[in-house]
Amino acid sequence: MDSPKTLQQAIQYFSDEQTCIDAVAMMRWPDGPRCPDCSGDHAKNPYYIKTQKRWKCRYCRRQFSVKVETIFEDSPIPLQKWLPALWMLVSCKNGVSSYEIHRALGVSQKTAWFMLHRLRLALKSKAFAFKLGGKESGGVEVDETFVGGKLRNMHRDRRARFAAESGHAGGATGKTIVIGMLDRDERKIRAQVVPDVKRETLQTEVLNNVKYGSRVYTDDAVPYDKLHWRYIHEVVNHAEQYVRGQVHTNGLENFWSLLKRNLKGTYVAVEPFHLERYVDEQVFRFNNRATKDNPLNDSDRFLLALSQVAGKRLTFAELTGKNGEIPF
């Protein structure tokens, strides 16, 4: 696909629905369309019904569109609007609000909000096949941050509810915890929401994501005090200094500043229930930013995101917590 390079070119290029279908199909099925219900040779070579813009399986006779088993499934919104929305999301450094998508694409604000959450799901990396660290030259920075408004600025009822849930009315009450790990050699971030800052919670995340024996740099928080059993663990005391040679967490502090400016400046108010997807969005843009060693542009990020739309689904019931899912 001769992909566009700018937003204007993207809007012109994806103005035709058939072009959008061909683009998504090429990323989903590089070896040709396959029936989602059949397996083996039976799934191959369905024929295309041009008038309905869908394929029909020669074996089971099922008709299916390019949206099936993707984040676009069951959406009446045409791909002509989905793909420019994805382009804007991955190319805008500070994110894009639902109101901006609402004005730019001519959909309702509620629809734009739902679209953006489905697109953020596509940006989420799949299960990692490798762990961070392992090289002697760099190391892995580990840190956690608290995301949420100040308690004194909250409404009295909301402040009282958070205090009742946590058992106290100070510190991190009402905030959501995010842990992050930065591989200095690869310049890649992994971050996710965690329920608390207990030792077993934070160290489990480190053990699951960092190779044993790697250099690990943290602050002097108590939950990290046993990492020396598995890692070369070095600590910086932020009460005294922020950098001691190579021992610091400033790379992660940079990421936290980008994340929080994004949340405060563009999205303004984010519920803890949805924070995980906003973190995934920022991680995707950070890991695929343009550098001297990796000169990605907007088109490259868009194609990478488009290649991840398959095998993911987010319904409105799941998004709004009406399916019985309990947030942190």
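Values quoted throughout were computed directly from the atomic coordinates according to the rules given, and no laboratory measurement underlies them. The structure presented is a predicted model; accordingly, all values stated were derived computationally and were not measured. FYI the Cβ positions are ideal-geometry reconstructions off the backbone, even for glycines, and counts take in every protein chain you see.
Using just the helices of the chain, give the 222 nm mean residue ellipticity in deg cm²/dmol: DSSP H runs with n ≥ 4 each add -39,500 (n - 2.57), and the total is spread over all residues, rounded to 500. Show your work: numbers first, answer last.
Numbers: 11 runs with 116 residues, N = 328.
Taking each H run of at least 4 residues, the total per residue is -10500 deg cm²/dmol.
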Distance in nm between label sites at H155 and K110, each 7 Å beyond Cα in the beta-carbon direction? 2.0
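What fraction of the DSSP beta bridges in region 140-270 is antiparallel, stated in percent and rounded to the nearest 5? List each step's numbers first, then the result.
Values: 16 of 23 bridges.
Of the beta bridges lying entirely in region 140-270, close to 70 percent run antiparallel.
With both partners inside the chain, how many of the DSSP beta bridges are antiparallel, as a percent to the nearest 5? It would help to have the intermediate numbers written out before the result.
Details: 23 of 31 bridges.
Among the beta bridges of the chain, antiparallel pairing accounts for roughly 75 percent.
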Debye intensity ratio in log₁₀ form over the Cα atoms of the chain, taken at each q of 0.08, 0.10, 0.15 Å⁻¹: -0.46, -0.70, -1.29
Kirkwood Rh in Å, taken over region 140-270 so that all alpha-carbon pairs contribute: 16.0
Please check: in the Gaussian network model of the chain (C-alpha springs, under 10 Å), which one of E240, E276, E136 has the largest mean-square fluctuation. E240
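Can you give the local net charge around L296? Use residues other than it whose beta-carbon is closer than 15 angstrom to its beta-carbon, Lys and Arg +1, Asp and Glu -1.
So the surrounding residues net to +4.
Quick one: dipole size for the chain, taken about the Cα centre, charges +1 on Lys/Arg Cβ and -1 on Asp/Glu Cβ, in debye to the nearest 20. List each step's numbers first, then the result.
On the way: 51 positive and 38 negative charges, 174 e Å.
Charge dipole of the chain: 840 debye, to the nearest 20.
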What is the distance, in nm, between label points placed 7 Å from the Cα along the Cα-to-Cβ direction at D293 and at I49? 5.1
Say the cut-off is 24 Å between C-alpha atoms; which of K5/K292; K44/K67; K93/K188; K135/K198; K124/K188; K135/K292 go over it? K135/K198
What's the extension gain from C38 to Y242 if we count 0.36 nm per residue and subtract their Cα-Cα distance? 67.7 nm
Rounded to one decimal in nm, the spacing of the 7 Å Cα→Cβ label points at A221 and K264 is 1.9
Under a 5 Å amide H to amide H cut-off, with H placed in plane at 1.01 Å, what residues pair with R54 once short-range neighbours are removed? I49
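Counting Lys and Arg as +1 and Asp and Glu as -1, what is the net charge of the other residues whose Cβ lies under 9 Å from the Cβ of V236? All intermediate terms of the calculation are to be shown ahead of the outcome.
Values: positive: R244; negative: D219, D220, E234, E240.
Charge balance near V236 sits at -3.
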Grab the other residues whose beta carbon is less than 14 angstrom from that of A43, score K and R as +1, D and E as -1, and report the net. +3
From the residues A10, A239, N297, which one has its Cα farthest along the dipole of the chain in the positive direction, the dipole being from +1 and -1 charges on Cβ of Lys/Arg and Asp/Glu about the Cα centre? A10
